[in-house]
Amino acid sequence: MFLSWRPAGALIACAAGAACASAPAGSISTEDGAPAAGQRGNQAASQSATAETAPWPTDNYYVVVAAESQDEVSVVRFGPDGGQLVETVGVGLWLTETDGPHGIAIDPDGSHWYVSIAHGTPFGQVHRYDIATHERVGAAEVGLFPASMAVTDGGLLFVVNFNLHGDPVPSSVSVVDTESMQEIAQIPTCAMPHGARLSANQTRLYSVCVRDEQLVELDTRSLAVTRRMYLGPDAEQELDASILEARAELGTNTMEAMATRCGPTWVHPSPDGRRAYVACNKNRKVLEIDLDGWTIARRFETGPGPYNLDITPDGGKLVITYKGGAAIGVFDLDAGRELAAIPTRRTLPHGVALSPDSKYGFVSVEGVGGEPGTVEMIDLTNLATVGRVDMGKQAGGISFWKIEIGSGDR
């Protein structure tokens with residue numbers, strides 16, 4: 001059997017069938033030794049571990065990862081035999097162009113996966129795949145440069161239209177009915193929305209505005225923006241829900257004001273629904289937001305370029321990719337301090353997905369030039385890299401799929 005993680009926080013047991021079958025294993029590269037991490041403030045050094053001393057799990061953990069510069073999506077497994085590339089699926093629109101698969105999402109019931117195709121003519125698309133056969137079973141046209149996504153139990157998919165290459169004007173969040181694969185709404189939010197993540201009870205969607213310094217809360221039932229927060233350093237404040245262009249409204253679109261920016265790239269609500277964490281890519285901070293009071297509760301100093309982040313389902317650790325520092329930060333949320341900054345082998349760590357048992361982190365690393373993309377496996381107890389798998393170029397969007405229980409008996 002396997003355990004699959006549902007956004008509402010419940011573990012469900014499923015019988016292993018066709019979707020759980022293992023394909024021939026690919027190549028694996030593992031860590032020889034993870035050095036103790038640099039620290040900020042009075043922080044404990046990370047414990048180094050090697051592939052020989054840090055045992056691999058007896059169960060199999062699976063993630064699905066997009067390779068943005070190679071138009072591929074890969075299934076990666078980590079288990080008793082280490083890390084393995086299980087299967088790679090070609091995706092996209094045109095054989096002669098790079099279509100840029102960016103975000104990955106998986107149905108809460110584990111039946112389908114979705115990939116956002118960022119490049120379009122001009123609009124991007126979201127494609128739906130059967131997770132057992134990896135055959136495409138639907139597609140929906142959405143907005144400009146669709147990026148990160150989230151899917152509800154009720155079959156609504158939310159995707160931010162990042163509009164990376166367009167004019168610096170407000171964009172939107174598209175809502176797609178996953179059964180019909182029809183776009184049913186486009187909700188205006190802000191310039192360059194990114195990082196869509198659902199609350200644990202799925203009644204709220206949170207995203208950030210990279211260009212306009214905003215955190216946006218959206219009601220998933222009324223499909224309307226309910227709250228906004230301006231995130232400019234030392235000027236954080238609640239905004240009227242109707243404001244699409246905060247910098248223009250507040251007069252902070254001057255060169256002087258833009259020299260000190262949060263530059264939010266990701267947001268993730270906590271499992272208990274009380275907090276949300278925002279990565280400020282430009283000023284090396286993560287903001288902890290009190291969702292009841294809609295105020296800043298704490299500010300965490302981080303490594304350079306915090307980009308994506310995730311919270312362990314037990315609520316104890318915050319894991320952050322440092323895109324500007326080739327490292328992965330792990331924070332103890334109770335203590336509010338960084339436990340380790342774990343180096344990545346290649347540069348540009350991108351996305352992070354955590355296992356439902358809070359034991360492992362899976363990080364996509366883009367690499368540069370002709371380098372392959374990589375998925376790195378992090379032991380969140382020993383704070384060390386315990387496996388790596390190479391895949392297609394510019395590994396980006398990543399989502400946790402399932403745990404196969406008891407498949408490590410050898």
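The values are calculated or read from the model by the stated rules, or taken from the named source; none is laboratory data. On a predicted model such as this, the values are computed, not experimentally measured, just so you know. Every residue, glycine as well, gets a Cβ built from its backbone with ideal geometry; the counts of neighbours run over all protein chains shown. Calculation scope for accessible area: heavy atoms of the full protein, side chains included, ligands and nucleic acids excluded. Shrake-Rupley method; radii C 1.70, N 1.55, O 1.52, S 1.80 Å.
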Label-point separation, T121 to E135 (7 Å along Cα→Cβ), nm: 2.6
Leaving out ligands, DNA and RNA, and with a 1.4 Å probe, what % of the accessible surface on the range 179-335 is carbon or sulfur? 44
Would you mind counting up the charge near A241? Only other residues with Cβ under 15 Å from its Cβ, with Lys and Arg at +1 and Asp and Glu at -1. -4
Run the accessible area of the range 96-157 with a 1.4 Å probe and give the carbon-and-sulfur part as a rounded percent. 46
Using a 1.4 Å probe on heavy atoms of the protein chains only, the accessible area for M192 in Å², nearest 10, reads 30
For the range 165-317: accessible area per residue (Å², 1.4 Å): 41
Positive-end residue of N382, T295, V365, charge dipole of the range 265-410 with Cβ unit charges: V365
Environment charge of Y277, counting only residues whose C-beta is closer than 13 Å and scoring Lys/Arg +1, Asp/Glu -1: +3
May I ask you to derive the relative contact order of the range 323-366, considering only C-alpha pairs under 8 Å and at least 6 residues apart, and to give it as an integer percent? 33
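What order, most packed first, do the peptides 87-93, 309-315 have when packing is the mean number of other Cβ atoms within 10 Å of each residue? Don't jump to the answer; show the numbers that get you there.
On the way: 87-93: 17.0, 309-315: 19.4.
Going from most to least packed, we get 309-315, 87-93.
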Here the gain from full extension of T381 to I296, 0.36 nm per residue of separation minus their alpha-carbon distance, amounts to 27.7 nm
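Once Rh is set to the Kirkwood radius over Cα pairs, what Stokes-Einstein translational diffusion coefficient, in µm²/s, holds for the range 104-205 at a temperature of 20 °C and a viscosity of 1.002 mPa s?
160
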Ranked from the most accessible area to the least, with a 1.4 Å probe and all protein chains present, what is the order of R275, R211? R211, R275
For the range 271-410: rounded, prolate or oblate by the Cα gyration tensor [a/c cutoff 1.5]: oblate
Is the shape of the range 68-151 best called rounded, prolate or oblate, per the rule: a/c under 1.5 gives rounded, else a/b larger than b/c gives prolate, else oblate, with a ≥ b ≥ c the square roots of the Cα gyration tensor eigenvalues? prolate
Using Cα positions and a limit of under 27 Å, work out the lysines in reach of K402, with same-chain residues fewer than 8 apart set aside. K317, K323, K359, K393
